[in-house]
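The structure follows.
The values are calculated or read from the model by the stated rules, or taken from the named source; none is laboratory data. All of these numbers come straight from a predicted model, not from anything done at the bench. All Cβ positions, glycine included, derive from the backbone under ideal geometry; neighbour counts span all protein chains shown. Side chains included, ligands, DNA and RNA excluded: accessible areas come from the protein's heavy atoms. Shrake-Rupley method; radii C 1.70, N 1.55, O 1.52, S 1.80 Å.
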Amino acid sequence: MKLVLKTLQFLAVLLLFTQCKEQSQRAIPTLSRNEIKYAKGLSIEKHNGFSIVKISNPWPNAKKIYVYVLKEKNGIVPDSLQHFTTISVPIRTIVVTSTTHIPSLEMLGVEQSLVGFPHLNYISSAKVKQQIAAGKIKELGNNHDLNTEVLLALAPDLIIGYGIDNNNPTLDNIQKSGLKVMLNGDWNEETPLGKAEWIKFFGALYGLEAKANSIFNSIETAYNQTMVLAKQTKVKPTVFAGAIFEGQWFMPKGNSWGCYFINDASGNYLWKDTQGSGSLSLPFETVLQKAKFADIWIGPGQFTSLKEMEETNNHYTQFKAFQDKKVYSFSNKKGATGGVLYYELAPNRPDLVLKDLVKIFHPDLLPGYSLFFFEKLK
C-alpha cells in the first residue's frame with residue numbers, strides 16, 4: 001500500500017512539473033499580431049495589459065534589436081520581460097529629438113504633451129510654435145549633447161532619441177540618471193509608406209492605436225490611389241536631382257526614399273539603377289554628361305531661385321531643365337523661424353509628396369491640384 005501511495009505521489013509531482021514546464025514554454029498570449037506592414041525597423045505586439053515594441057534598425061547596419069515594454073494601468077508584465085525598459089502608458093509628457101517626430105504628435109492631437117526639443121528654430125509646425133512662444137517647450141541644445149540639467153528639471157515621462165550609429169553617450173547618461181529613453185528609427189526607413197507607418201509607434205505610447213491606424217490607413221490609401229493613377233501614363237519624363245556641395249554632386253541612390261517617390265510617380269530617374277539607399281557623390285562632369293538633356297530637375301539643394309543657382313555656379317545653366325525653367329524645389333516652404341516644412345512633414349505625409357511629383361511629371365493627371373511641398377523656381 002505504501003508503495004502505491006509513493007508511486008501516486010511521484011506521478012502527481014511529475015504531472016505538476018510537466019504542466020509548469022509546458023506553461024513556461026508557451027508563448028506570451030498575443031491579442032493582435034504585429035500589424036506593421038511597411039516599416040522594416042518597427043514591430044508592435046499587443047498583449048493583455050502591455051505591448052512589446054521592437055526597434056530593429058535604428059541606424060544603418062544596426063546589430064542589436066532594442067526591445068521596450070509599454071505597460072498599461074494595472075497591467076502585469078511577465079518576469080521574462082522585466083529586464084527590458086518598461087514605460088507606463090499612456091504617457092503624459094514627452095521630449096522628441098527630430099522634427100520628423102512632431103507631425104505624428106500633431107496628427108494624434110497630443111502636441112501639448114511636448115515639453116522639450118533640441119534646436120527649436122528647426123520646427124515648422126504653427127501649433128508647436130505657439131507652444132514655444134508660450135514657454136511650454138524648452139530648448140535642449142544639440143541632439144548629441146542634450147542639456148541634461150534642463151531634462152532632469154523637466155522630468156518627462158519619455159525621451160525619444162535617434163542615432164546615426166551606436167555612439168550616443170548623451171542618451172546613455174540620461175538613462176543612467178533614471179529617465180526613460182526609446183530609440184526611433186523612422187529616418188532609416190527606405191520606403192515612403194515605411195517612414196509614415198511610424199505614427200503607430202507614437203499611437204502605442206499614448207494609447208491611441210486605433211487613431212494612429214486610421215490616420216495611416218488614410219495616407220496609405222491616398223498614396224496607392226495616386227500611384228495607380230500615375231501608372232496609367234505611358235510617358236515618363238527623365239528626372240535628376242540634387243546639386244553641388246563642397247565640389248561634389250549629391251543625389252539619391254537607386255534604393256533610396258527619394259527614388260521610390262520618383263518611380264511611383266512614373267518618372268524616369270536617370271540614376272535609378274544604382275545600388276544603395278544613401279546618396280551618390282559624383283563629379284559635375286559625370287552628372288552633366290548624363291543629365292544635360294533631362295526633362296526635370298528635382299530638389300536642387302537649398303536653392304530658392306534660378307538666379308541664386310546661376311550666381312552660385314554658372315555651370316548649372318548648361319542643363320536643359322534649367323533653361324526650360326523646370327527646376328522644382330521644396331526649400332521655399334519654411335516655418336516662421338526658417339525650418340523647412342519638407343524635412344519635418346514629408347516623411348509623415350508621403351501621399352502629398354507623391355501628388356506633388358505626379359503634378360510636376362504629369363500635370364494633366366491632377367488638374368485641380370496645387371503643389372504642397374514643391375515650387376517651380378523662378
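Output the number of the condition that Ile132 fails; it satisfies all remaining conditions of (1) assigned to a helix (DSSP H, G or I); (2) open to solvent by 30 Å² or more (accessible area, probe 1.4 Å); (3) over 21 Å from Val340 (Cα atoms); (4) not small (Gly, Ala, Ser).
Result: Ile132 passes all but (3).
Conditions (1) more than 19 Å from Leu171 (Cβ to Cβ); (2) in contact with a helix residue (DSSP H, G or I) (Cβ under 6 Å, 6 or more places away or on another chain), marked per residue:
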| residue | (1), (2) |
| --- | --- |
| Pro78 | yes, no |
| Leu81 | yes, no |
| Ile87 | no, no |
| Pro103 | yes, yes |
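Also: Which pairs do you get when a residue that is under 18 Å from Ala294 (Cα atoms), found in the range 351-378, comes within reach of a residue that is open to solvent by less than 60 Å² (accessible area, probe 1.4 Å) and assigned to a helix (DSSP H, G or I), reach meaning Cβ atoms under 6 angstrom, with the pair 6+ apart or on two chains?
Leu357/Phe261; Val358/Thr226; Val358/Ala230; Val358/Leu365; Leu377/Leu306
Moving on to the next point. Identify, please: which residue in the range 34-67 is assigned to a strand (DSSP E or B) and among the aromatic types (Phe, Trp, Tyr) and is, among those, nearest to Pro90 (Cα to Cα)?
Per the stated criteria, the residue is Phe50.
Applying the selection to the range 357-378, what residues are crowded, with 19+ Cβ neighbours inside 10 Å and either in contact with a helix residue (DSSP H, G or I) (Cβ under 9 Å, 6 or more places away or on another chain) or at pLDDT below 95 (or both)?
Of all residues in the range 357-378, those crowded, with 19+ Cβ neighbours inside 10 Å come to 357-362, 372-374, 377.
Leu357, Val358, Lys359, Phe361, His362, Phe372, Phe373, Phe374, Leu377 - these are the residues of the range 357-378 that are crowded, with 19+ Cβ neighbours inside 10 Å and either in contact with a helix residue (DSSP H, G or I) (Cβ under 9 Å, 6 or more places away or on another chain) or at pLDDT below 95 (or both).
Residue by residue, here is whether (1) open to solvent by less than 20 Å² (accessible area, probe 1.4 Å); (2) of a type outside the set (A, V, I, L, M); (3) on the phi > 0 side of the Ramachandran plot holds:
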| position | (1), (2), (3) |
| --- | --- |
| Asn184 | yes, yes, no |
| Pro192 | yes, yes, no |
| Trp198 | yes, yes, no |
| Ala204 | yes, no, no |
| Ala210 | no, no, no |
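Ok, one more. What is the residue count in the range 221-242 for residues that are in contact with a helix residue (DSSP H, G or I) (Cβ under 6 Å, 6 or more places away or on another chain) and either over 13 Å from Leu352 (Cα atoms) or open to solvent by less than 40 Å² (accessible area, probe 1.4 Å) (or both)?
8
Something else about it: Does the range 245-254 contain any residue that is at pLDDT 95 or above, closer than 27 Å to Asn121 by Cα and open to solvent by 50 Å² or more (accessible area, probe 1.4 Å)?
The answer is yes; a qualifying residue exists.
Any residue at all in the range 315-329 that is part of a loop (DSSP other than H, G, I, E, B), aromatic (Phe, Trp, Tyr) and in contact with a helix residue (DSSP H, G or I) (Cβ under 8 Å, 6 or more places away or on another chain)?
Residues of the range 315-329 that are part of a loop (DSSP other than H, G, I, E, B), as a first pass: 319, 324-326.
From what's left, aromatic (Phe, Trp, Tyr): 319.
Next cut, in contact with a helix residue (DSSP H, G or I) (Cβ under 8 Å, 6 or more places away or on another chain) only: 319.
Yes; the residues of the range 315-329 include at least one that is part of a loop (DSSP other than H, G, I, E, B), aromatic (Phe, Trp, Tyr) and in contact with a helix residue (DSSP H, G or I) (Cβ under 8 Å, 6 or more places away or on another chain).
Additional query: Go through the range 247-304 and give me each residue that's hydroxyl-bearing (Ser, Thr, Tyr), under 14 Å from Lys236 (Cβ atoms) and part of a loop (DSSP other than H, G, I, E, B).
Once the filter is applied, which keeps residues that are hydroxyl-bearing (Ser, Thr, Tyr), under 14 Å from Lys236 (Cβ atoms) and part of a loop (DSSP other than H, G, I, E, B), the range 247-304 yields only Ser266.
To continue, here is another question. Kindly check whether there is at least one residue in the range 105-125 that is among the polar types (S, T, N, Q), in contact with a helix residue (DSSP H, G or I) (Cβ under 8 Å, 6 or more places away or on another chain) and surrounded by fewer than 16 Cβ atoms within 10 Å (Cβ to Cβ). Spell out the reasoning first.
We begin by selecting, within the range 105-125, every residue among the polar types (S, T, N, Q); these are 112-113, 121, 124-125.
Checking the rest, the ones that are also in contact with a helix residue (DSSP H, G or I) (Cβ under 8 Å, 6 or more places away or on another chain) come to 112-113, 124-125.
Within this subset, residues satisfying the condition of being surrounded by fewer than 16 Cβ atoms within 10 Å (Cβ to Cβ) are 112.
Yes, some residue in the range 105-125 is among the polar types (S, T, N, Q), in contact with a helix residue (DSSP H, G or I) (Cβ under 8 Å, 6 or more places away or on another chain) and surrounded by fewer than 16 Cβ atoms within 10 Å (Cβ to Cβ).
Kindly indicate which of Leu280, Leu270 is in contact with a Ser or Thr (Cβ under 9 Å, 6 or more places away or on another chain), of a type outside the set (Gly, Ala, Ser), more than 20 Å from Lys195 (Cβ to Cβ) and open to solvent by 30 Å² or more (accessible area, probe 1.4 Å).
Checking each option against the conditions leaves just Leu270.
Related question: When the residues of the range 331-355 are narrowed to those that are touching a strand residue (DSSP E or B) at 6+ places or on another chain (Cβ under 7 Å) and closer than 16 Å to Gly258 by Cβ, which ends up surrounded by the most Cβ atoms within 10 Å (Cβ to Cβ)?
Per the stated criteria, the residue is Ser331.
Tally the residues that are of a type in the set (Gly, Ala, Ser) and without any contact (Cβ under 8 Å) to a residue 24 or more places away in the chain, restricting the search to the range 188-217.
Matching residues across the range 188-217 total 2.
Can I ask one more? Please find, within the range 84-113, the residue that is nearest to the chain's Cα centre (by Cα) out of those that are assigned to a helix (DSSP H, G or I) and charged (D, E, K, R).
Taking the range 84-113 and keeping what is assigned to a helix (DSSP H, G or I), we get 99-108, 111-113.
Now narrow it down to the ones that are charged (D, E, K, R): 106, 111.
Values: Glu106: 15, Glu111: 17 Å.
Out of the qualifying residues, it is Glu106.
Considering only the range 68-83, I want to know if a residue exists there that is part of a loop (DSSP other than H, G, I, E, B), in contact (Cβ under 8 Å) with a residue 40 or more places away in the chain and open to solvent by less than 20 Å² (accessible area, probe 1.4 Å).
Step one: of the range 68-83, the residues part of a loop (DSSP other than H, G, I, E, B) are 72-78, 82-83.
Then keep just the ones that are in contact (Cβ under 8 Å) with a residue 40 or more places away in the chain; that gives 72, 78.
In the following step, the residues that additionally are open to solvent by less than 20 Å² (accessible area, probe 1.4 Å) were identified as none.
No, the range 68-83 contains no residue that is part of a loop (DSSP other than H, G, I, E, B), in contact (Cβ under 8 Å) with a residue 40 or more places away in the chain and open to solvent by less than 20 Å² (accessible area, probe 1.4 Å).
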